1. Starting from residues that are among the polar types (S, T, N, Q) and without any contact (Cβ under 8 Å) to a residue 12 or more places away in the chain, keep the ones in region 122-157 and report whichever is surrounded by the fewest Cβ atoms within 10 Å (Cβ to Cβ).
2. Out of all the residues in region 115-151, which are of a type in the set (D, E, K, R) and under 19 Å from the mean Cα position of the chain (by Cα)?
3. Residues that are within 16 Å of ligand 2 (Cβ to nearest atom), surrounded by 20 or more Cβ atoms within 10 Å (Cβ to Cβ) and not polar (S, T, N, Q): list the helices (runs of 4 or more DSSP H) wholly contained in region 57-121 that include at least 3 such residues.
4. Can you tell me which residue within region 10-34, out of those that are among the polar types (S, T, N, Q) and more than 14 Å from ligand 2 (Cβ to nearest atom), is surrounded by the most Cβ atoms within 10 Å (Cβ to Cβ)?
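Please treat every number below as a calculation from the coordinates, not as lab data. Because the structure is predicted, anything quoted here is derived from the model rather than measured. Positions of Cβ are backbone-derived with ideal geometry, glycine not excepted, and every protein chain shown enters the neighbour counts.
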Amino acid sequence: MSRSPVSDGGLRERILQETGVNTARCYQCGKCSAGCPMAAETRWRPHDVMRMVNTGAVGPLQDDPSIWLCLACETCASRCPNGCDPARVIDALRERFAREAPGGVPRPVAAFHRAFLDQVRRHGRSFELGMVMEYKLRTGALTEDALSAPGLLARGKLSLTPSRISGIGEVRRIFDACTGSAGTGAGGTGAGGDDR
Ligand code: SF4
Ligand code: SF4
C-alpha cells in the first residue's frame, strides 16, 4: 500500500514536460535493466519504472528503496534502442517524491543527499570528510565505519581540509536559484543548507 499522497494522475505527461523523456516510447525490451549495475540490488528495475510511469501506478516505488539506489550512471539510457532515458525519469520521480512526500524518503538517503549538497554549496566541490561527518550527525551512526578512517587518511583518500573552487559564487547562485524555484532545496531532498 502506498504510504503517501503523491498523485499519479497524468504522471506520464508531467514527466514528459519535466524531462523531455516520452516514456510512451518504451516497448519494455528490458535492455536498460539488463545493463543496470544495480539491477541485482533492486526490486524495481529501470524498465519497471518506465512501465509504472506509463500506467500511472508508481505507488509501489514509494514503499521501496529501488529508485533511491540508482547511481545515475546513465547506462540504461545508453543501452536503450528507442531513445528513452530511464535515469532521467527516475531522477524526476525522486524529486517528485521528495517534494510531495518527504517522509517517504529513506532517512540515510536524505541524509546523504543533504550532506553531499551542503559540501558542494560550501566549497564548490565534494569534501569527503565534511560529508562523512555531516552524514553521521544526521543519521546518528557516529561510530559506524570509524575504523576505516585511519587507513583512508594514510592512503591519502581523505583530506583533512577542504579546498574551495574559485567560482564558488556562481555555484551558490545556482543553489539559490534551485532552492527558490523548487521550494525543496537543490537535489529535491531538502538539501541546500544555510551555511554561507
Ligand atoms: S531499453 Fe528503452 S525501450 Fe527497452 S525497456 Fe528500457 S527504456 Fe524501454
Ligand atoms: S542510471 Fe540508475 S537505473 Fe540507469 S543503469 Fe545506472 S543505476 Fe541503473
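1. 143
2. The answer is 118, 121, 125, 128, 134, 136, 138.
3. 86-100
4. If we take residues in region 10-34 being among the polar types (S, T, N, Q) and more than 14 Å from ligand 2 (Cβ to nearest atom), then 22 is surrounded by the most Cβ atoms within 10 Å (Cβ to Cβ).
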